[in-house]
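Structure record follows, encoded as structure tokens.
The values are calculated or read from the model by the stated rules, or taken from the named source; none is laboratory data. Worth saying up front: this structure is predicted, and the values here are computed from it rather than measured. Here the Cβ positions follow ideal geometry from the backbone for every residue, glycine too, while neighbour counts run over all protein chains shown. Side chains included, ligands, DNA and RNA excluded: accessible areas come from the protein's heavy atoms. Shrake-Rupley method; radii C 1.70, N 1.55, O 1.52, S 1.80 Å.
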Amino acid sequence: MNYIELENEFKTKVILSTFGASIVDIKTLDYMGNLGSIVTVPINQKEFENATSYFGKTIGRTGGRISNSKFVLNGKEYFIQSNDPNGLHGGTDGLSYKDFNYILSEDDDAYICTFSYYSPDLEAGYPGNLTLKVIYKLFKKENKLSINYVASCDKDTLLNLSNHAYFNLNAESGNNVLDHYLYINASKMEEIKNALPNKIVECEKIYSFKNSHKIKDFLFDEKIINNTNGYDNPYIFDSFCDNQIELYDDVTKRKLTVSTSYPAVVVYTCNYPEGLLMNNHRKQKAYDAVCLECMFLPNSINSDFLSDKKDILRKENYYNETITFKFN
């Protein structure tokens, strides 16, 4: 496993790892000019590698849960690793647990780290020989980081890639994210039942972030707590724009703005922590961070209520999706 550090003129530092083509740390300035981490990750390398919480890693081949750990594609049934009993984020033989090759480069606009990995046919249960690149760009003249997923496969397969970074814009203080303000440009979401998407519904008040508010405002509503112990929901964007998501911390005045080519984001508020010692030198607790996993709607292949199976990558097509984080 190798670590790669990128830094731009805004003093933003990004530390990446070849293991899972991961984000290990992002440090940005607060309003006082202090540099601090805005993600949480286990401080111990082995715990980072083996943790089941996918800290900062590239998740796939399919992000989210695959119901009953199986799917049918072109009339053939495929079985993937089972978690609970559904397959989650590609499983422990998925991309999150692979050591990628990498190349460093730069152009006039950005410092670039290109990770590459070849996933053979039926690795982790998925069909086809997959060629994948995960391209990180830390921009020079704009304070932003982009992730570009580029892939092709010699068979029809499932592919739904994202990054599983745990964001806390005041991470080093030891505070949780309950007082962070969150905005999501989404009026609809997928309802979750027994950990799986059930149907598309309008966002009711306790789930909606269409008007920015503190994460804690409705998180402890009985309906949310009894279902997923916090937010763990796919939100469907109303439109494509430069600020599909905004996360803001009033203490440090840091703001994270997210834009993406994907149609949805899964918001997860660290509802089931592993209790590992994190880079802020405290053991992880519930709601210490929030994940903003931009992706196609999870489990589309097995969802009767979705006719457009965007998680299928046809062998004649290329996969090319981008997530961009802007730091203010």
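Data overview
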item	result
nm² value of the averaged projected area, convex hull over the Cα atoms of the range 197-328	10.2
Computed E for Ser105/Asn226 - FRET, C-beta separation, R0 45 angstrom, nearest 0.05	0.35
Alpha carbon centroid spacing (whole Å) that separates the range 7-50 from the range 148-191	16
Pairs beyond 24 Å (Cα-Cα), from Lys216/Lys253; Lys13/Lys326; Lys98/Lys133; Lys188/Lys310; Lys57/Lys216; Lys46/Lys283	Lys57/Lys216
Percentage relative contact order, the range 130-235, counting C-alpha pairs under 8 Å, at least six apart	20
Per residue, in Å², the accessible surface of the chain once ligands and nucleic acids are set aside, probe 1.4 Å	42
Of all accessible heavy-atom area on the range 122-195, the percent that carbon and sulfur account for (1.4 Å)	44
The range 51-174 - percent relative contact order, Cα under 8 Å, separation 6 or more	26
Residue-averaged 222 nm ellipticity for the chain, from DSSP H runs of 4+ at -39500 (n - 2.57), nearest 500	-1000 deg cm²/dmol
Zone residues, the range 313-328, relative to Ser212, backbone N less than 17 Å from point 7 Å out along Cα-to-Cβ	325-328
Among Ser173, Ser208, Ser307: highest mean-square fluctuation, GNM of the chain, C-alpha pairs under 10 Å	Ser307
Mean Cα-pair separation over length for the range 201-285, i.e. relative contact order, pairs under 8 Å, 6 or more apart, %	24
